[in-house]
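Right, one structure below, let's go through it.
Since every read-out is calculated from the coordinates, none of them should be taken as a lab result. Source: prediction; values computed, not measured. Cβ atoms come from the backbone with ideal geometry, glycine included; neighbour counts cover every protein chain shown.
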Amino acid sequence: KDIFDKVVSECYIPLFQSLIDNPKIKITLNINATLTERFLDYPEVLNNLKKVANNGQIEFTDSAKYHTLLPFLPDDEIERQIKLNRETNQKIIGDSYQPVGFFPPEMAYSPKLVPILEKLGYKWIIIDEIALNGKIGQINQIYQIRDSNLKVFFRDRGPSNLIMSAMGRREDDLKFYLKDEYTKKDYIVT
């Protein structure tokens with residue numbers, strides 16, 4: 001509980017408050033239903049999440065409710081986990097929870113996910129950049145999975161690691177550490 005309280009106070013409270021204070025800012029957010037359920041104990045956080053979601057400032061991604069590594073599960077369990085996530089988040093967050101993208105837990109990807117995600121109506125997926133060609137720093141456009149309508153956004157490891165390590169908490173920090181890469185990309189996914 002102490003760790004979760006710290007995460008809430010250092011991450012979610014400032015994030016949602018920042019969006020409230022800056023109504024023109026929009027983000028894409030992955031939030032597993034188990035986390036949303038935990039927010040039931042934090043009414044301020046949940047109310048602020050709903051407020052910015054209802055303002056259209058959040059585009060949600062869907063995921064698996066229990067953060068399971070989907071490629072290791074049978075197809076019917078993959079679908080069940082995803083549906084549970086959506087149902088729970090819609091119940092708690094409300095009608096503004098309408099994800100069109102998908103975030104597989106730990107970005108664990110397998111081609112077996114594609115037909116399931118398409119069946120469930122997703123338009124895109126986010127996975128780690130190494131899944132493209134086994135290298136990092138090669139992403140500069142939006143891709144589409146072969147023989148599929150599913151688009152792919154690749155997570156940029158560099159900026160993601162800077163943020164996770166607390167080295168890049170502000171835009172100036174990211175500009176400093178990423179140098180030219182920061183200005184050469186149309187988008188950065190963290």
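Close amide-amide hydrogen proximity is noted between residue 28 and 59, each under 5 Å apart and 5 or more residues distant or on a separate chain (H modeled in the peptide plane; Pro and chain starts excluded). Here's how it looks for residue 102: its modeled amide H is under 5 Å from those of 62, 124, 125, 126, which are all 5 or more places away or on a different chain. Taking 103, 176, 39 as the candidate residues, the one with maximal mean-square fluctuation in a Gaussian network model of the chain, Cα springs under 10 Å, is 176.
Across 80, 146, 38, mean-square fluctuation computed from a Gaussian network of the chain (C-alpha pairs under 10 Å connected) peaks at 146.
Which whole-number percent is the relative contact order of region 44-117 (Cα, under 8 Å, 6+ apart)? Before the final figure, lay out each step's value.
Details: 81 pairs, mean separation 30.8, N = 74.
Relative contact order here is 42 percent.
Sites listed here are chymotrypsin sites (Phe, Trp or Tyr not before Pro) in region 41-125 whose DSSP assignment is loop and whose Cβ has at most 13 other Cβ atoms within 10 Å: 66. The GNM of the chain, with springs linking C-alpha atoms under 10 angstrom apart, assigns the highest mean-square fluctuation among 83, 26, 119 to 119. Around the amide H of residue 67, modelled in the peptide plane, lies no amide H under 5 Å away from a residue 5 or more places distant or on another chain.
What ratio of Cα Rg to 2.2 N^0.38 Å holds for the chain?
Details: Rg = 17.0 Å, N = 190, 2.2 N^0.38 = 16.2 Å.
Cα-based Rg divided by the globular estimate yields 1.05.
The lysines whose alpha-carbon is closer than 19 Å to the alpha-carbon of residue 91, local same-chain residues fewer than 8 away aside, are 50, 51, 65, 83.
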